[in-house]
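The values are calculated or read from the model by the stated rules, or taken from the named source; none is laboratory data. Predicted, not measured: the structure shown is a model, and the values here were computed from it. Reconstructed Cβ throughout: ideal geometry from the backbone, glycine too, with neighbour counts over all protein chains shown.
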Amino acid sequence: MRKTVSLEFRDIIKANFPGIGKNISYWKFMRHLLFGRRDKATGLPMISQRCIAKAEDKLNILENSNAYNASKFLVKFQSEVMSEETFSWSNWNFKDGEARVALVEFPQEVIDAIESESYKIMLEDRVYFDTGNKFSDKLQKVDRELIKKEAYTYFNFSSPEAQDLLEYMNNVPVNSFSKVVAANLDATFLEALKIENPEKRHVQLEVLSTIRDELQPFYKPSGKGNTVRIFPLNYSIPMLQKGLRKSITKGWYEFDLASSQLAIIGKTWEIPEVQEFLKSGGKIWADLIKHYGIDAADLKKTDETKYEDIKAVLKDSLYSLIYGMCKNNLIAFLNEGLLPFGIKDAGKKFLTHPLMKSLFEVREAKIAELNESDTAETIFGKVIKVVGGKTNDGKPTAARKECIRGIMAQQAQAVELYLLLPVLDLAKSTKDFVITLWQHDGFSVNFTDSSKSARWINKINQVVADRAYELGIITKLEGGLL
């Protein structure tokens, strides 16, 4: 979430909400309402208990006791800054773990100012929204240290297998980012302005504004601690769309595991059709797009944005198929996701693809197998309990099936990390390159000594190839210089 704005914008907020000056926490919370995360379904600001505690500087109370009460702050903010007519909130859904959303009505002057502010970048005279202090490198460093400190509050919740990775990624030198951001931010901002969907454009511009303020990503584990994957804590480069990410990191090298999840389950679930497809050099996204009568190579060449959008829907669908989404929901998801691209009846068509048919059959067998087990194990030796009951005829209840789906995902994601950890070991052994981004099945690298880059690229590719060969998984690193 962005930290700085133009002085003009801050003055507009101050004039429209005189009570905001009574407490700096009000400024912090208002910034969240203006620029923070929004609910995907409603577009309303999400106001989690944690974000409210951060605004009040009471994270320590939230994390170490049950004494924190976010509602008290919301009532005070409503009374002193806004009103019952212009600010209210939903209840927190404890059962589903859903955050509150804020119902906010801003004056038209503020709405217009927000829109205008979204299109400003790299202002030399920008100020910090919370305090009004002029932006400076010194204050920027203080902010980064605060985010880093917050990242460490999550450390003990991470899986042991991911702790070395978290430690490394949260200590990457900032100069690895400052150079590429300074060189590429303006051009990337102009690319973001071309995004046609207004909501997507707004989100990407906000991410870029935050990158301007904070420069580097920091990482945290899963909120539920049920995966070895790590996730961005702050609005940062990993949250950019692929094209924008490549634009702002121009000069780095980007690597991805080819068909990672498909390759992993092809081996761990012993699916010969998948193994043969990958062994023959098959490309799953091109093959799935071809299944709909579209030439993937031609589409990528003529309309890369459309290609990436279709691929994104297919990628989500493939992973959903692998990890247990029911057939009707999967069909509905594909129908809705691909219809904007002129692809009709996409769901049923997807399931007629030979590999998808095989995956569905093996997945059902895998669910049945885990249903008969009390525990399962990841490649790291972590034992996971299979919880939830069974129906009278021995089938898993909804809760047990959800647990089984989670276990299948955890097992594959653990293999994914195991495949890439040798790269982390390499990075820790040298100062010739730095891993700058981590994206589950891929990563980015900045070579600090370009004269040695070719040698290190070969080593990086080889250690992953060796690990994949050890496991019998048909994958390799793809990518190169951006």
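Would you check if there is a residue in the range 278-294 being closer than 24 Å to Lys242 by Cα, without any contact (Cβ under 8 Å) to a residue 24 or more places away in the chain and among the polar types (S, T, N, Q)? Checked the range 278-294: no residue is closer than 24 Å to Lys242 by Cα, without any contact (Cβ under 8 Å) to a residue 24 or more places away in the chain and among the polar types (S, T, N, Q). Residues in the range 466-482 that are touching a Lys or Arg at 6+ places or on another chain (Cβ under 6 Å) and not β-branched (Val, Ile, Thr) were compared, and the one that is nearest to Thr448 (Cα to Cα) is Leu482. Does Lys220 count as surrounded by fewer than 21 Cβ atoms within 10 Å (Cβ to Cβ) and touching an Asp or Glu at 6+ places or on another chain (Cβ under 9 Å)? Judged against the criteria, Lys220 is a match. Total residues in the range 7-29 satisfying the condition of being without any contact (Cβ under 8 Å) to a residue 60 or more places away in the chain and of a type in the set (A, V, I, L, M, F, W, C): the figure is 2. Counting the residues of the range 359-404 that are in contact with a helix residue (DSSP H, G or I) (Cβ under 9 Å, 6 or more places away or on another chain) and either buried (at least 19 other Cβ atoms within 10 Å of the Cβ) or of a type in the set (A, V, I, L, M, F, W, C) (or both) gives 18.
Just give me the residues in the range 456-482 being at pLDDT 95 or above and hydrophobic (A, V, I, L, M, F, W, C), in sequence order. Within the range 456-482, Trp456, Ile457, Ile460, Val463, Val464, Ala465, Ala468, Leu471, Ile473, Ile474, Leu477 meet the criteria. The sole residue among Asp164, Asp213 that is in contact with a Lys or Arg (Cβ under 6 Å, 6 or more places away or on another chain), acidic (Asp, Glu) and surrounded by 12 or more Cβ atoms within 10 Å (Cβ to Cβ) is Asp213. When you check Ile61 against the structure, is it in a helix (DSSP H, G or I), of a type outside the set (D, E, K, R) and in contact (Cβ under 8 Å) with a residue 12 or more places away in the chain, yes or no? No; evaluated as a whole, the condition is false for this residue. Residue count for the range 119-143, restricted to those that are loosely packed, with under 11 Cβ neighbours inside 10 Å and among the hydroxyl-bearing types (Ser, Thr, Tyr): 1.
Yes/no matrix, rows are residues, columns are (1) surrounded by fewer than 19 Cβ atoms within 10 Å (Cβ to Cβ); (2) without any contact (Cβ under 8 Å) to a residue 60 or more places away in the chain:
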| residue | (1), (2) |
| --- | --- |
| Gln410 | no, no |
| Ala414 | no, no |
| Leu419 | no, no |
| Thr430 | yes, yes |
| Phe433 | no, yes |
| Leu437 | no, no |
| Asp441 | no, no |
| Asn446 | no, no |
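Residue by residue, here is whether (1) outside the structural domain of Gly223 (by TED's automatic domain parsing); (2) among the acidic types (Asp, Glu); (3) without any contact (Cβ under 8 Å) to a residue 60 or more places away in the chain; (4) not in a helix (DSSP H, G or I) holds:
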site	(1), (2), (3), (4)
Gln140	no, no, no, no
Arg144	no, no, no, no
Lys149	no, no, yes, no
Tyr152	no, no, yes, no
Asn156	no, no, yes, no
Ala162	no, no, no, no
Leu165	no, no, no, no
Tyr168	no, no, no, no
Asn171	no, no, yes, yes
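Annotation note: of Ala41, Ala55, the sole residue that is surrounded by 15 or more Cβ atoms within 10 Å (Cβ to Cβ) and among the small types (Gly, Ala, Ser) is Ala55. Scanning the range 224-232 finds one or more residues that are at pLDDT 95 or above, surrounded by fewer than 18 Cβ atoms within 10 Å (Cβ to Cβ), closer than 20 Å to Ser444 by Cβ and not small (Gly, Ala, Ser).
Answer with yes or no whether Ala67 is in contact with a helix residue (DSSP H, G or I) (Cβ under 8 Å, 6 or more places away or on another chain), modelled with pLDDT under 95 and either part of a loop (DSSP other than H, G, I, E, B) or more than 24 Å from Arg10 (Cβ to Cβ) (or both). Taking the combined requirement at face value, the residue satisfies it. Close contacts from the range 173-184, counting a first residue that is without any contact (Cβ under 8 Å) to a residue 12 or more places away in the chain and over 13 Å from Leu208 (Cα atoms) and a second that is of a type in the set (Ser, Thr, Tyr) and assigned to a loop (DSSP other than H, G, I, E, B), with Cβ to Cβ under 9 Å and a gap of 6+ residues or different chains, come to none at all.
Looking across Val203, Val274, one residue alone is farther than 22 Å from Asn170 by Cα, at pLDDT below 95 and surrounded by 17 or more Cβ atoms within 10 Å (Cβ to Cβ). It is Val203. Note on the range 61-90: among residues that are over 18 Å from Leu44 (Cβ atoms) and among the small types (Gly, Ala, Ser), the one that is farthest from the chain's Cα centre (by Cα) is Ser79.
Among the residues making up the range 26-46, those that are more than 17 Å from Arg2 (Cβ to Cβ) and either under 20 Å from the mean Cα position of the chain (by Cα) or at pLDDT below 90 (or both) are Asp39, Lys40, Ala41, Thr42, Gly43, Leu44. Among the residues of the range 35-58, those identified as small (Gly, Ala, Ser) and free of Cβ contacts under 8 Å to residues at least 40 places away in the same chain are Gly36, Ala41, Ala53, Ala55.
Mind checking whether some residue in the range 312-331 is touching a helix residue (DSSP H, G or I) at 6+ places or on another chain (Cβ under 7 Å), at positive phi and of a type outside the set (S, T, N, Q)? Yes, because at least one residue in the range 312-331 is touching a helix residue (DSSP H, G or I) at 6+ places or on another chain (Cβ under 7 Å), at positive phi and of a type outside the set (S, T, N, Q).
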